[in-house]
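To start, I am sharing the structure in question, which I have written as structure tokens.
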Amino acid sequence: MKIFETKQALQDFIDEHRSKNTLIGFVPTMGALHEGHLSLIEKSKQHGAATVCSIFVNPTQFNDPKDFEKYPKTLEEDIQKLELAGCEALFLPSVEEMYPEGMQQLPHYSLGRLEELWEGAHRPGHFQGVCVIVHRLLEAVRPDLLLMGSKDFQQVAVIRYLLAHYSFEPNMELISCETIREASGLAMSSRNVRLSPEQKIQALAIYHGFDMIRMAIFEQKTRETEVLEQQFAQQLLDAGFESVDYIAFADPFNLEPITDLSQTFVVLVAASIGGVRLIDNQLFPHELFKRV
Ligand code: AMP
């Protein structure tokens, strides 16, 4: 695997592959890699793409400075994992390389309601930071395929909006990949390393909450989203979460809240345990409840 620290060096590598008509697949990450990240590399390779992964802990997307400071860094292990996964190139830029003009005056992206809902409301400025960095990374890589995890459901929606409303390579395809979970059901996340073994068990309450919703609908207990949200939140607090930012029943395309559970919907969750903020989601396709 080649490692590049500058956009120029990366571009030379990409131009070389492009001249051979090879597809370029791109997986942007913040490092502390786990199987969720590696599944994106694998998916890119399944498409026959030369795969570029970036590791950059992007300061502008952290609304909480403590979260930024505590973000896990495991570069040596990450490089080994990427080598094993058959990743062709790693882009490892410095803050100066990505923000040569500093971080004070950055472009503003209008993201409509996506910035007001859920993560947008709870992490002011977060999606602006995500858009700035993804825009810059995409300009540097100009991939054919952009692979992202549906673990960050709203982030995928924001990037889809960005690609549709700002000018990018017209043929770039955004591929949203399924959430990889531990055998227990806990969604893999770089932040999980900050949880104790006990907190990891308590955190399963999120996964069990999704089961509770499925069962409530199958058993025709209730279809009231408000009741289900309250029940879910209470289960998280009972399990040991200290706070619940939101439990949302939403339209999977525009993420607007919904109350009609006969259509396909997504349940989005953000809650904190042991000072670690976890997010997760589950899609409920309407076919699941057709006969209910
Ligand atoms: P991050 O390093 O957290 O910024 O994540 C980089 C990419 O990996 C994003 O597209 C995430 O959605 C994706 N990702 C993170 N966790 C998982 C997971 N458990 N399963 C699948 N993709 C994931």
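The values are calculated or read from the model by the stated rules, or taken from the named source; none is laboratory data. Predicted model, so just to flag it, every value in this text is computed and none were measured. Cβ coordinates were reconstructed from backbone atoms using ideal geometry, including for glycine residues, and neighbour counts include every protein chain displayed. What goes into the accessible areas is simple: the full protein's heavy atoms, side chains included, and nothing from ligands, DNA or RNA. Shrake-Rupley method; radii C 1.70, N 1.55, O 1.52, S 1.80 Å.
Taking 32 Å as the cut-off for C-alpha to C-alpha distance, list the pairs among Lys70/Lys221; Lys151/Lys290; Lys2/Lys200; Lys81/Lys290; Lys45/Lys73 that go past it.
Beyond 32 Å between Cα atoms: Lys70/Lys221; Lys2/Lys200; Lys81/Lys290.
Would you be so kind as to identify which of His122, Gly112, His37 lies farthest towards the positive end of the dipole of the range 1-138, taking Lys and Arg as +1 and Asp and Glu as -1 on Cβ and the Cα centre as origin?
Highest projection toward the positive end goes to Gly112.
Also: On the full set of protein chains, 1.4 Å probe, figure out the accessible area of Phe289 and give it in Å² to the nearest 10.
10 Å²
With N residues in the range 63-220, what two-decimal value do you get for its Cα radius of gyration over 2.2 N^0.38 Å?
1.21
Could I ask something else about it? Using a 1.4 Å probe on the protein heavy atoms, what percent of the accessible area of the range 123-174 belongs to carbon and sulfur?
48 percent
Give the angle, between 0 and 90 degrees and rounded to the nearest 10, that separates the Cα long axis of helix 205-218 from the longest principal axis of the Cα atoms of the chain.
Between the helix axis and the principal axis of the chain, the angle is about 50 degrees.
Next up: Using C-alpha positions alone, give me the convex hull volume of the range 1-142 per residue in cubic angstrom.
In the range 1-142, the Cα hull volume divided by residue count equals 127 Å³.
Okay, next question. Arrange the residues Asp64, Asp144 by how much accessible surface each exposes, largest first, with a 1.4 angstrom probe.
These residues rank, largest area first, as Asp64, Asp144.
Write down, largest first, the equivalent ellipsoid semi-axes of the range 240-292 in whole Å, where each equals the square root of 5 times an eigenvalue of the alpha-carbon gyration tensor.
26, 11, 8
Could I ask something else about it? Suppose we keep just the alpha-carbon trace of the range 1-85; what are its Rg and Dmax in angstrom?
Cα radius of gyration and Dmax of the range 1-85 are 14.2, 45 Å respectively.
So which lysines pass the test for Lys7, namely a Cα distance under 21 Å, with those fewer than 8 places away in the same chain ruled out?
By straight Cα distance, Lys7 reaches Lys20.
A follow-up question, please. In debye, nearest 20, what is the charge dipole magnitude of the chain about its Cα centre with +1 on Lys and Arg Cβ and -1 on Asp and Glu Cβ, if you could check?
Here the size comes out at about 340 debye.
Something else: Helix 225-239: angle to the longest alpha-carbon principal axis of the chain, degrees 0 to 90, nearest 10?
Tilt relative to the chain: about 80 degrees.
Still on this structure, I have one more. What is the Cα convex hull volume of the range 157-252 when expressed per residue in Å³?
158 Å³
Right, next: In the P(r) worked out for the range 200-292, what percent of Cα pairs fall beyond 22 Å?
24 percent
Kindly provide the helix-only [θ] at 222 nm of the chain, computed as the sum of -39,500 (n - 2.57) over DSSP H runs of four or more divided by all residues, to the nearest 500 deg cm²/dmol?
My calculation for the chain gives -11500 deg cm²/dmol from helical runs alone.
Could you give the longest part of the chain that holds none of the trypsin sites (Lys or Arg not before Pro) found in DSSP loops with at most 10 neighbouring Cβ atoms within 10 Å?
No qualifying site falls inside 21-289, the longest such stretch.
To continue, here is another question. Tell me the relative contact order for the range 136-292 as a rounded percent, counting alpha carbon contacts under 8 Å between residues six or more apart.
Averaging sequence separation for qualifying contacts and normalising by length gives 19 percent for the range 136-292.
Let me ask something additional. Please state the relative contact order of the chain as a whole percent: Cα pairs under 8 Å, 6+ residues apart?
The value is 17 percent.
Turning to a different aspect of this structure: Using unit Cβ charges (K, R positive; D, E negative) and no other charged atoms, how large, in debye to the nearest 20, is the dipole of the range 81-235 about its Cα centre?
Using only the charged Cβ atoms, the result is roughly 360 debye.
OK, next. Would you mind computing the Rg to Rh ratio of the chain from its alpha-carbon coordinates, Kirkwood style for Rh?
Taking Rg over the Kirkwood Rh, I get 0.97.
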